[in-house]
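Peer 1: Next up is a structure, given as structure tokens.
The values are calculated or read from the model by the stated rules, or taken from the named source; none is laboratory data. As the structure is a prediction and not an experimental result, all values here were calculated from the model. Here Cβ is always computed from backbone atoms with ideal geometry, including for glycine, and neighbour counts include all displayed protein chains. Just the protein is used for accessible areas: all its heavy atoms, side chains included, with ligands, DNA and RNA removed. Shrake-Rupley method; radii C 1.70, N 1.55, O 1.52, S 1.80 Å.
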Amino acid sequence: MAEDIIVGGVGEIVNRLISLGFDEIGLLLGVKDEVQNLQGVLNNIQAVLQDAEKKQVERETLRVWLKDLKQVAYDAEDVLDEITYEELRCSISSKVSNLFSSSNPLAMRFKIAHKIKDINKRLGAIDKRKNMFQLVSASGEPDQNDSSDSDQMNFRETSSLVDDSTVVGREIDKEVIVDKLLNRGSSSNTNDQETMATSITLSIIPIVGLGGLGKTTLAQLVYDYDVVKKHFDLRVWICVSNNFDTMNLFSQILELIPNSAKCESSSKQALQNNLESQLKGKRFLLVLDDVWNEDSEKWDDFILPFKRFGAAGSKIIITTRSHIVASITGVHDVFKIQGLSDETCWTLFERRAFMPGGAEKTPKLVEIGMGIVKKYCKGVPLAAKVLGGLMHTKKEESEWLAAQNGEIWSTTSDDENQIMKVLKLSYDNLPLALKSCFSYCAMFPKDYWISRELLVQLWMAQGLLGASTTTPGSKLIMEDKGNTYFNVLYSKSFFQEAKMNKFGQVAHCKMHDFVHDLALSVSQSECQVIEEVDTPTKLQLSNCRHASIVPPTTEESLIGAKKLRTIYYCRPADKYYDFYRGFGRSSMFINFQSLRVLDLRDSGYSKSSPSPSRLNLIHLRYLDLTETRITTLPKWVTRLYYLQTLKLEKCFLFKVNLTNLKNLRHLYVDEGAYIRATPKGLGELQFLQTLSFVDCTEEGGSGITVLENLNDLRGSLKIDNLGTVKEASLAKRANLIEKKSLVELILVWGTRGEDHNNASLFEELRPNANLKWLSIERLYSVDQFPRWVSSGLALPNLVGIRLRSCSGCKHIPSFAALPCLESLEMINMDSVKCIGELRASDQAMASSYRSLKRLKLHGMLRLEEWLEDEAMFPYLKEISIEECPYLRRAPHLFPSLESLTLYSVGGAAVWSITIFLTSLISLSITNCEDLAFLPEGLLRKNERLVSFRVRKCPQLQEFYPSYHNQNDEQAQELIVVKSSLKELEMNNCYHLASIPDVRGLTSLHTLKLCDCPNLETIPKGFLSFLYALEKLHISGCYNLRNIGDGGELSFPSLRRINFRDHHSLSVLVEFGKNNDLSFVTRLDIRGIEKLTTVPSELFQGFKNLLVLRIEKCHNFPVFDLSTNLQSFASLRELSIVECGGLYSLQGLQFLTALECLRLGPFSEQLHCFPLSLGDDDKDSNNLIFPFLRELEINGWSTLTALPNQLRHFTTLKSLRIREFDSLKALPEWLGDLTLLESLYIAQCENLMSLPSKEQIRRLTSLMELFISLCPLLTKRSTQHPCGPEGHKISHIPNLFLL
């Protein structure tokens, strides 16, 4: 890492120590003087920390001093934590009332006092060392010789000049900004729009994004655009950076205005007067580049003269990394600049890497270079340019491979600095507390989805959010502070690629790879990602505080990490690893004295596992036991008095005692946890914020009363088995109406037959008015909901309702009175025949669903009518109606509808809903059996339609009922459309005889015609304008005679053709003859009944194939590749599967670029591999398939041994062997395939043995072994771990024996 990345987090740790109370501790332990001295030293050090952290950039000795200080501060924090823990333990214990009482053992008091003295001694030495650095106190005068800040800003100085020829990938973005500047819009009423826009004196356009994404470049492109130059009377560009001083900015602007009089006065009034004279009556464009100011008062002070003096239509462009900067301008329409595509990044990389004097542009270096771009650039143009410049100096293929496969920055700090300096500016501008929070994120692997909720809890566990406990009812609890920190980091682009929850909040996010590198750098080895490729000798864990384990790595990789505070388990969602297999048995874990976070989810830990009680886990705040095998909460867990977060989801628990966990704030349990009784002490947890699940079953439903005093609950709460609650008074005791922070409430009644006054009980479950989401499920005995469910007075903030499986409910009220309702779902409401017949009498009832955006009606098998008024849904954007076969009546007017999904709905309802639609983007109609026609003009009216799918509509005959009744001129007018349609699919429409000659689908990139046996032709006119077509899929259209009426067409974008389930290839051959298909890179041929040979004409049209698959053409016994494939030197994948018995593969040797090969079954007459590859010449085999990574061979019943030729395919990473019935043993040479990662063996009935243990151990990359339907081998592998085959494979991480 570059040397200017600092030692971070020291100040935050010292601040946490100073905030703790020392006086009482000193008095009680008899070390008052020591404690006072310690506090004084900390204060002295804190005073100079700001100066020290700034000056360490250029002084190695100062960085060492800060590291030493940080280590002692951590140790001091542990000691003070231990004191508080003992006090908690004593207060809970009935035997000893107080740690410092005379009854408490003297040895304990002496031990803690000794630790404090030791800390004081070490801190005193560090305090003396600080004097050698001549550090300036925060209250003193600044160091006049310190120029680091100015140096830091100089390299970010920008101007408006840009070389247009070097900029790629921003053409669309440029046009969007230019449209905003010139007030151009897409509305049909453009003149009115422009008039309104230009009447506004000043508009602001913020461009927001991660450092290095090209915000400045985009602004430069716009600023120098000729149309923009002509539009504005005056243009000014200034680089703002950190110094947002109003008067200084005014002066800079005046200096850059041509012919402006120099202002001698330095007063603000004089500067504003001068601005007035220069701006008055002029339409100006001002670019403020690289703005960091987040102070709204400063902004308001700056912007005032520009609002007052400029002419209408004036604009200000702001470039910034911070959404907060954008928000204080008062603008809601922020332009968020996105990363470039891999292809565009490659263009930037290519220009620099292959400049004259650099590496020669060979196909292999191009392939490696594309891999580098994809792996490292991640859309950042700055990274592409830097990497391209770096690789320009490297001319050998080995150097390029090293860059692709290794740590690219290991020896290139100068190149790294160019990117890191840009990103480090953002880090330097963070508050002290946020710097520590950001650096902690370095422990997550790259490209990892980080949960917002989890991250806040981990920050809290490390003490980064303030005190570890808080008083109930405090105004700003730790979780609120953590969410604020997260929002700030997200707004400043440290996090990206957000996944939103249903409340519109960021739930998950990622860090860009370069931002992750920055976090790793500032964490100074405190955060480590330990992966399988790492070994203790490779890692420097002596200073590691936070580690994430990426399986199949085990706890053994943590040897030497004695200072760990975090062990986090990053298990892939689709794989299982027994991470815990050594925990508790290894003495190394005794060293983990400082753990705050321990993640054991899905780890194999069980009741029978050795107890870690001998470990000193007293500091633990976060413990995840999800999907472990415990049946009761272990005793060592009940003694974790600091514990804040406990996760027990999907555990088989019979007994849980939470009495001692007084600081618990987040408890995660679910129905998968099978907790047989309400956890003891649950209702007494006064700090509890999260309780995900409550089961009411216990003692006649009394389990619900545990909620009575838990009024600080937030987030989501599911209450299950409400049907067991016998008295409404018990429900009332749950006190839901007082839980003001609860966001989501899920009420589940349970099984049929339970009826305990559900109507009155339901009434008592009214939640607080702040609730945002309500789900009501499996309510069988109430035919009508209480009034509060649909009342805008009771639930004014509700944004979502889900009604599921309430079969007793016959009447659904109107929810139009809920002013904030955005989502309404009704699922499996079996008894409902009509929606909307009940009108709410709420006085606050709105005239329409004014906020509703999403509506879902699923599985309503008796629904016949939907009677809401026509104008009830002005902003509805999504409708999904499925399994409502009797629905015949529905509203017609949905002026804002963008997505419509209809599945198993009557044809009349389809017509009713779609007939007046004009704003659709996506339309899917499936399984509508009586739908014969689509409404006229459906494509023409919906110009924004992107996806149109019709599936399983057997009676559909034509697109429009009047199509054949129009004369030619009328028909032509009817079907000419202006559409953005990109995907069109007609599937399982048995009576569809033709496709209308629709013109204008110039954006269509995917056309699928499947299982339409009566379809005879695809009109030439339909295909004429498909310039953007990328994928053509035709299958099961047995009567299709031609594609395009034989006319010559051009498909410059066509890349993939899938032709399946037809009588012959004649249609495809003719299509290839008449049209240019040279751009197609993938051809799939499957299920062609009469395919006995592949016509040479077919391959003449496909000149650039990369993938060729011929599958399930059962009458195709012979395949001679020699004449057809010699010209396909670029073919990467070849699959010839289930095409009869192959007995000739000659010609395969010409496919030297193959990466994937799938073959079989083979002819029973064959006894050797049907292709001579020079079996005795190992080198010749390597030359034939030098890039082969994946090989699958199957269906060779007569072969008794694997083909010997395969031993030379040493580049293989995946090998699949299937249906080798005569094969009894795998050969010893299998150990030569040292790069093999996955081995799949299936349906080899007589296979008994694997290669020797020594040969299998040579497969050091092997991560997965699948053995399926090989009975003899499976038996010999599972009888005993030390059995004939089991001992050979026991070390493989992912072993599947089926």
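Peer 1: Once both labels are modelled 7 Å past Cα along the beta-carbon direction, what's the Glu343-Thr918 spacing in nm?
Peer 2: 3.5 nm
Peer 1: Say R0 is 41 Å: what FRET efficiency, to the nearest 0.05, do His1287 and Thr631 get from their beta-carbon distance?
Peer 2: It comes to 0.80.
Peer 1: Using a Cα-Cα cut-off of under 27 Å, which lysines could be cross-linked to Lys1103, ignoring same-chain neighbours fewer than 8 residues away?
Peer 2: Answer for Lys1103, where 27 Å is the Cα cut-off: Lys361, Lys364, Lys374, Lys982, Lys1008, Lys1020, Lys1031, Lys1073, Lys1090, Lys1112, listed by chain and number.
Peer 1: Report the full-extension gain for the segment Thr1211 to Glu399: residue separation times 0.36 nm, less the Cα-Cα distance, to one decimal in nm.
Peer 2: 290.4 nm
Peer 1: Which three semi-axes in whole Å describe the equivalent ellipsoid of segment 640-775, each the square root of 5 times a Cα gyration tensor eigenvalue, listed largest first?
Peer 2: Semi-axes from the Cα gyration tensor: 23, 17, 13 Å.
Peer 1: Express in nm, to one decimal, how much length is gained between Ser980 and Ser807 on full extension, taking 0.36 nm for each residue of separation and deducting their alpha carbon distance.
Peer 2: Contour length minus Cα-Cα distance gives 58.0 nm.
Peer 1: Oh, and also: Net charge near Glu1245: determine it from the other residues with C-beta under 13 Å of the C-beta of Glu1245, scoring Lys and Arg +1 and Asp and Glu -1.
Peer 2: Taking every Cβ under 13 Å from that of Glu1245, the sum is +1.
Peer 1: How far is the Cα center of segment 855-907 from the Cα center of segment 294-327, in Å?
Peer 2: Answer, in whole Å: 45.
Peer 1: Please work out whether segment 1202-1298 counts as rounded, prolate or oblate from its C-alpha gyration tensor, where a ≥ b ≥ c are the square roots of the eigenvalues and a/c under 1.5 means rounded, while otherwise a/b larger than b/c means prolate and anything else oblate?
Peer 2: oblate
Peer 1: For Asp1076 paired with Ser327, estimate the spin-label separation in nm (one decimal), with each label point 7 Å from Cα along the Cα-to-Cβ line.
Peer 2: 5.2 nm
Peer 1: To continue, here is another question. So which lysines pass the test for Lys647, namely a Cα distance under 21 Å, with those fewer than 8 places away in the same chain ruled out?
Peer 2: Lys575, Lys607, Lys635, Lys655, Lys662, Lys680, Lys718
Peer 1: Now, a different point. From the P(r) of segment 787-910, could you give the percentage of C-alpha pairs in the tail past 24 Å?
Peer 2: In whole percent, the long-distance tail amounts to 20.
Peer 1: Further, regarding this structure: Express in nm, to one decimal, how much length is gained between Arg308 and Glu671 on full extension, taking 0.36 nm for each residue of separation and deducting their alpha carbon distance.
Peer 2: 124.4 nm
Peer 1: Run the reach check for Lys230 against lysines, Cα to Cα strictly under 21 Å, same-chain hits fewer than 8 apart removed. What comes back?
Peer 2: Filter leaves Lys174, Lys180, Lys280, Lys282, Lys315.
Peer 1: Give the long-range amide H neighbours of Glu882: residues separated by 5 or more places, or on another chain, with amide H under 5 Å away, using H modelled in the peptide plane at 1.01 Å from N.
Peer 2: Close amide H contacts, sequence-distant or interchain: Leu857, His858, Gly859, Tyr903.
Peer 1: Sticking with this structure for a sec: Just read off the accessible area of Arg1086 with the full protein assembly in place, 1.4 Å probe, to the nearest 10 Å².
Peer 2: 60 Å²
Peer 1: Which of rounded, prolate, oblate describes segment 981-1087, given a ≥ b ≥ c as roots of the alpha-carbon gyration tensor eigenvalues and a/c under 1.5 marking rounded, otherwise prolate only if a/b is larger than b/c?
Peer 2: rounded
Peer 1: Please find the FRET efficiency linking Asp118 to Ile559, where r is the Cβ-Cβ separation and R0 is fixed at 30 Å, and quote it to the nearest 0.05.
Peer 2: Calculated transfer efficiency: 0.70.
Peer 1: Is there a pair in Lys395/Lys1213; Lys562/Lys1288; Lys772/Lys941; Lys446/Lys563; Lys378/Lys941 whose C-alpha atoms are over 29 Å apart, and which pairs would that be?
Peer 2: Beyond 29 Å: Lys562/Lys1288; Lys772/Lys941; Lys378/Lys941.
Peer 1: Here is a follow-up. What whole number of Å gives the distance from the Cα centroid of segment 641-693 to the Cα centroid of segment 908-950?
Peer 2: A separation of 50 Å, based on Cα centres.
Peer 1: How would segment 232-352 be classified by its alpha-carbon gyration tensor: rounded, prolate or oblate, with rounded meaning a/c under 1.5 and the a/b versus b/c comparison settling the rest?
Peer 2: Prolate shape, in that a/c is at least 1.5 and a/b is the bigger ratio.
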